[in-house]
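Only one structure is covered here, and it is reproduced in the block below.
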Amino acid sequence: MEKTVNQKAWFLVLPVLLLVAFSAVIPLMTVVNYSVQDTFGNNVFFWAGLEWFTEVLESDRMWAALGRQLVFSGIILAIELPLGIFVALNMPKKGFWASVCLVLMALPLLIPWNVVGTIWQIFGRVDIGLLGHTLDAFGIDYNYTQGFIAAWATVIVMDVWHWTSLVALLAYAGLQSIPDAYYQAAKIDQASRWKVFRYIELPKMQGVLMIAILLRFMDSFMIYTEPFVVTGGGPGNSTTFLSIDLVKMALGQFDLGPAAASRSCTSW
Amino acid sequence: MAKITLDNLAHSYLANPTSEDDYALKELNHVWNDGEAYALLGASGCGKSTLLNIISGLLKPSRGRILFNDQDVTDAATAERNIAQVFQFPVVYDTMTVRDNLAFPLRNRGRDEAYVAERVQEIARMIGMEAELDRKARGLTADAKQKISLGRGMVRKEVNALLFDEPLTVIDPHMKWELRTQLKSLHHEFGHTMIYVTHDQTEALTFADKVVVMYDGRVVQIGTPQELFETPAHTFVGYFIGSPGMNVIPATIEGNVANVNGSRVPLSQAFGKLDGKVEIGVRPEYATLSASEGLPVKVRRVEDVGRHKIIRAEFFGNDINIIADEGAAIGADMNRVVFDPAHINVYANDWRVEGEAA
């Protein structure tokens, strides 16, 4: 039978095409466009070629921000992954309490970034914050606006608090998919708790853990709101991660070109 | 190796069972003799796996006790019971090689490596996987995985009992036969107590010395394949064992004559008054189609299955099956059936009634 050829079918793709164009392609291309132009405002642009890229690649500021970013992402992954798995392993498998745990776990994920930032910003304050005040009462020198370590600790703990749930929920889903027979066979084979984890649970969770790592890496790599609200990138530049640096550059200094160039670089 | 005694055992998956129906496993007393091979036969969901999991300690019974060699192990953990169990669906440790999979139970018991290597080699030969020993278990076919599971079950020599929970379901027919033979020879060689759960009667009858038939959470008959065939204790056994199963026909009994819809069927034994639902059961093998004698039947169709013919017929409104020799000529005038009186069993409320010599 002859296949009917109907080119009008392309029209069906049009809505998606438009949507993606406006939500992703056009903004992205605008950024690319900015990265090869210079401007002094008033919407007047000059061709700059690859100048901004050379500048960005040679700038210490951008490499320092990237370095801080990688350290930050590395640390939160190193904490959230094992912690999430640990939480998932200890959650009840079924029944009423399993549902309670799931809801509690999902709660932090429902809170918007800026609210999380504000919560911790207040929580950590030495004068009125519970955490800051308590630490201060114990004689610990904690002030995230001045201390480099205090600032990093706050930002990391905040991220762990906000996102470990996600890893835990994914790991929990992975654990739930393991058939009972595996645990029964392990009992028959007299495998220790560690061996059950090492040879059954971990291999079966592999897939979801990869997703967890990917999601957490991507999300932490573009983290902006939370550290911006709490530390504003300080003290000094110590918590100025890539996105914060970028916004400082693009909006604070109106250096659209370098900002666009550095975004384009880090995106690749 | 051990004798396993079930003492007033019953199990319910509900927290507070009230009626008999709440029990997945109804009260049961039974002794599994040391070194015997049993098949546990029954339809899906009749409590076979429940019973197996109770024996291996994966499940704690609601009531009753389990004894291994007269020692109470009801509260003992699976590890203490020293039992090997193979499940219906393959369980392999994906990230390990086939060799490490087979060695796993031995290493967990702290056996020395020389012994482990020797046993693994032996088992690998038995399941025909010597060539794949160094492959990762991930990515093997389902029946290769199940062979590994079987191998892991058999690798420990000194187990109290070997339990198989429908282990050959996923294995292809040719390999099924071979593995079953292997299991049997293993049994002859080491004399383990073996319990083999299945819903396949051929598997049960070829594997076991004794077949335990379960129905609706209850053991309805324990016997040799011969006993199950000749004198099924329950209509379920008659129907479940045999291909096709026993013909069960409602009747009334007076002395040594069964009355089916006004027609008389002679019996070899005499019975007193029977209450409840009374039926006679006769296997298709003991029914003969005839042109001149017996009671009228309406032949519906004749199926030639190769080694014999199965005649599907209607007998006073009941569907019955009759088996005839492969060579037998079945004419259009053959519309009567004769039952062999010596092989008619009488059932009251589904349970077989023993009569007296007439």
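The values are calculated or read from the model by the stated rules, or taken from the named source; none is laboratory data. No experiment lies behind these values; they were computed from the predicted model shown. Quick reminder, even Gly has a Cβ in these numbers, built from the backbone with ideal geometry, and neighbours come from all protein chains shown.
For segment B:149-162, taking the residues that are in a helix (DSSP H, G or I) and among the hydrophobic types (A, V, I, L, M, F, W, C), the one that is farthest from B:V31 (Cα to Cα) is identified as B:L150.
Residue count for segment B:76-91 under the criterion of being under 15 Å from B:K48 (Cα atoms) and either at the interface with chain A (Cβ under 7 Å from one of its Cβ atoms) or crowded, with 20+ Cβ neighbours inside 10 Å (or both): the result is 3. The set of residues in segment A:154-206 being away from chain B (no Cβ under 13 Å) and among the β-branched types (V, I, T) consists of A:T154, A:V155, A:I156, A:V157, A:V160, A:T164, A:V167. Scanning segment B:207-247 for residues that are surrounded by fewer than 21 Cβ atoms within 10 Å (Cβ to Cβ), closer than 22 Å to B:K3 by Cα and among the polar types (S, T, N, Q) yields one hit, B:T224. Among the candidates B:A142, B:A161, the residue that is within 14 Å of chain A (Cβ to nearest Cβ) and either surrounded by fewer than 20 Cβ atoms within 10 Å (Cβ to Cβ) or more than 23 Å from B:L52 (Cβ to Cβ) (or both) is uniquely B:A142.
Per-residue answers, yes or no, for (1) free of Cβ contacts under 8 Å to residues at least 40 places away in the same chain; (2) in a helix (DSSP H, G or I):
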| site | (1), (2) |
| --- | --- |
| B:L6 | no, no |
| B:L9 | no, no |
| B:T18 | yes, no |
| B:K26 | no, no |
| B:N29 | yes, no |
| B:G35 | no, no |
| B:I54 | no, yes |
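When you scan segment B:214-318 for strands (runs of 3 or more DSSP E) that lie fully inside it, which ones turn up with 1 or more residues that are free of Cβ contacts under 8 Å to residues at least 60 places away in the same chain?
Numbers: elements: B:218-223, B:247-250, B:252-260, B:263-271, B:278-282, B:287-290, B:298-304, B:308-315.
The qualifying strands (runs of 3 or more DSSP E) are B:218-223, B:252-260, B:263-271, B:287-290, B:298-304, B:308-315.
Do any residues in segment A:184-200 that are at positive phi have Cβ atoms under 9 Å from those of residues that are of a type in the set (D, E, K, R) and at pLDDT below 90, where the two are at least six apart or on different chains, and which pairs are they? Once the first residue is at positive phi and sits in segment A:184-200, its partners that are of a type in the set (D, E, K, R) and at pLDDT below 90 give A:Q190/B:R109.
Taking the criterion of being out of contact with any strand residue (DSSP E or B) (no Cβ under 6 Å at 6 or more places or on another chain) and farther than 26 Å from B:V237 by Cβ, the residues of segment B:262-295 that qualify are B:G262, B:A291, B:S292.
Output the number of residues of segment A:132-186 satisfying the condition of being assigned to a helix (DSSP H, G or I) and either closer than 17 Å to A:M210 by Cα or not small (G, A, S) (or both). Residues in segment A:132-186 being assigned to a helix (DSSP H, G or I) and either closer than 17 Å to A:M210 by Cα or not small (G, A, S) (or both): 34 in total.
Could you identify the single residue in B:R283, B:R300, B:R336 that is among the basic types (K, R) and closer than 20 Å to B:T231 by Cβ?
Values: B:R300 fails: closer than 20 Å to B:T231 by Cβ; B:R336 fails: closer than 20 Å to B:T231 by Cβ.
The match here is B:R283.
For segment B:60-100, the tally of residues that are among the aliphatic types (A, V, I, L, M) and part of a strand (DSSP E or B) stands at 5.
Suppose we filter B:R99, B:R152 for residues that are touching a residue at least 24 places away in the same chain (Cβ under 8 Å), among the basic types (K, R), facing another protein chain (nearest Cβ under 9 Å) and surrounded by 19 or more Cβ atoms within 10 Å (Cβ to Cβ); which single one remains? Can you show your working first?
Values: B:R99 fails: facing another protein chain (nearest Cβ under 9 Å).
Answer to the selection: B:R152.
Within segment A:23-37, residues that are within 13 Å of A:A259 (Cα to Cα) have Cβ atoms under 8 Å from residues that are surrounded by fewer than 17 Cβ atoms within 10 Å (Cβ to Cβ) and small (G, A, S) in these pairs: A:V36/A:G49, counting only partners at least 6 apart in sequence or on another chain.
It is to be established whether one or more residues within segment B:163-181 are assigned to a strand (DSSP E or B), under 22 Å from B:F315 (Cα atoms) and of a type in the set (D, E). So that I can check it myself, show each step before the final result.
Our first condition is that a residue be assigned to a strand (DSSP E or B); within segment B:163-181, this holds for B:163-165.
Cutting the leftovers down to under 22 Å from B:F315 (Cα atoms) gives us none.
No, the conditions are met nowhere in segment B:163-181.
Would you say A:L131 is of a type outside the set (K, R), away from chain B (no Cβ under 14 Å) and either surrounded by fewer than 13 Cβ atoms within 10 Å (Cβ to Cβ) or touching a His at 6+ places or on another chain (Cβ under 9 Å) (or both)?
Details: of a type outside the set (K, R): yes; away from chain B (no Cβ under 14 Å): yes; either surrounded by fewer than 13 Cβ atoms within 10 Å (Cβ to Cβ) or touching a His at 6+ places or on another chain (Cβ under 9 Å) (or both): no.
The answer is no for A:L131.
Looking across segment A:226-259 at every residue that is within 19 Å of the chain's Cα centre (by Cα), assigned to a loop (DSSP other than H, G, I, E, B) and of a type in the set (S, T, N, Q), the one that is surrounded by the most Cβ atoms within 10 Å (Cβ to Cβ) is identified as A:T231. Flag set for B:I171, criterion: among the β-branched types (V, I, T), surrounded by 18 or more Cβ atoms within 10 Å (Cβ to Cβ) and more than 28 Å from B:K26 (Cα to Cα). Among the conditions (1) farther than 24 Å from B:L59 by Cβ; (2) without any contact (Cβ under 8 Å) to a residue 24 or more places away in the chain, the only one that B:H187 does not satisfy is (2). Within segment B:108-127, which residues are over 22 Å from A:A186 (Cβ atoms) and of a type in the set (S, T, N, Q)? Passing the criteria: only B:Q121.
Residue selection: B:Y115 satisfies the criterion of being more than 13 Å from chain A (Cβ to nearest Cβ) and either assigned to a loop (DSSP other than H, G, I, E, B) or of a type outside the set (S, T, N, Q) (or both). Looking at the structure I just gave you, is A:M222 of a type outside the set (F, W, Y), surrounded by fewer than 21 Cβ atoms within 10 Å (Cβ to Cβ), away from chain B (no Cβ under 14 Å) and out of contact with any Cys (no Cβ under 9 Å at 6 or more places or on another chain)? It is true that A:M222 is of a type outside the set (F, W, Y), surrounded by fewer than 21 Cβ atoms within 10 Å (Cβ to Cβ), away from chain B (no Cβ under 14 Å) and out of contact with any Cys (no Cβ under 9 Å at 6 or more places or on another chain). Of all the listed residues (B:R107, B:R63, B:R81), the sole one being in contact (Cβ under 8 Å) with a residue 60 or more places away in the chain and more than 14 Å from A:Y183 (Cα to Cα) is B:R81.
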